[in-house]
Amino acid sequence: MARRLVEAGVRCVTLSYGRWTATDRTSRWCATTAASSTSAFSALIDDLDVRGMLDDVTVVVWGEFGRTPRINNGAGRDHWLP
């Protein structure tokens with residue numbers, strides 16, 4: 001869909017994929033949402049490249065931020081505390 005919108009001349013495309021939080025059950029989240037979003041992102045890049053559009057498009061991907069690097073008791077990561 002993103003590639004089709006770019007082909008149609010849309011100048012800015014924003015997509016949301018899944019639930020971008022890992023406050024609990026981090027490994028389960030990584031095995032589902034993170035893994036499938038990686039496949040979707042890779043397919044978009046390949047699709048743009050095959051069609052010769054990759055040099056004309058800026059693709060930005062980001063996820064969750066502001067979590068501690070440590071796994072908590074709920075198998076997730078906590079918010080940074082001030």
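Within the accessible area of segment 40-82, what % is carbon and sulfur when the probe is 1.4 Å and the other protein chains stay in place? Could you put the intermediate results ahead of the total?
Values: 1980 of 3510 Å².
Using a 1.4 Å probe with all protein chains present, segment 40-82 comes out at 56 percent carbon and sulfur.
Sticking with the crude label model, points 7 Å out along Cα→Cβ, report the distance from Leu5 to Asp55 in nm, one decimal please.
Output for this residue pair reads 2.5 nm.
The values are calculated or read from the model by the stated rules, or taken from the named source; none is laboratory data. Note that the coordinates shown come from a computational prediction; the quantities given were computed from them, not determined experimentally. No Cβ is skipped: glycine too gets one built from the backbone with ideal geometry, and neighbour counts run over all protein chains shown. What goes into the accessible areas is simple: the full protein's heavy atoms, side chains included, and nothing from ligands, DNA or RNA. Shrake-Rupley method; radii C 1.70, N 1.55, O 1.52, S 1.80 Å.
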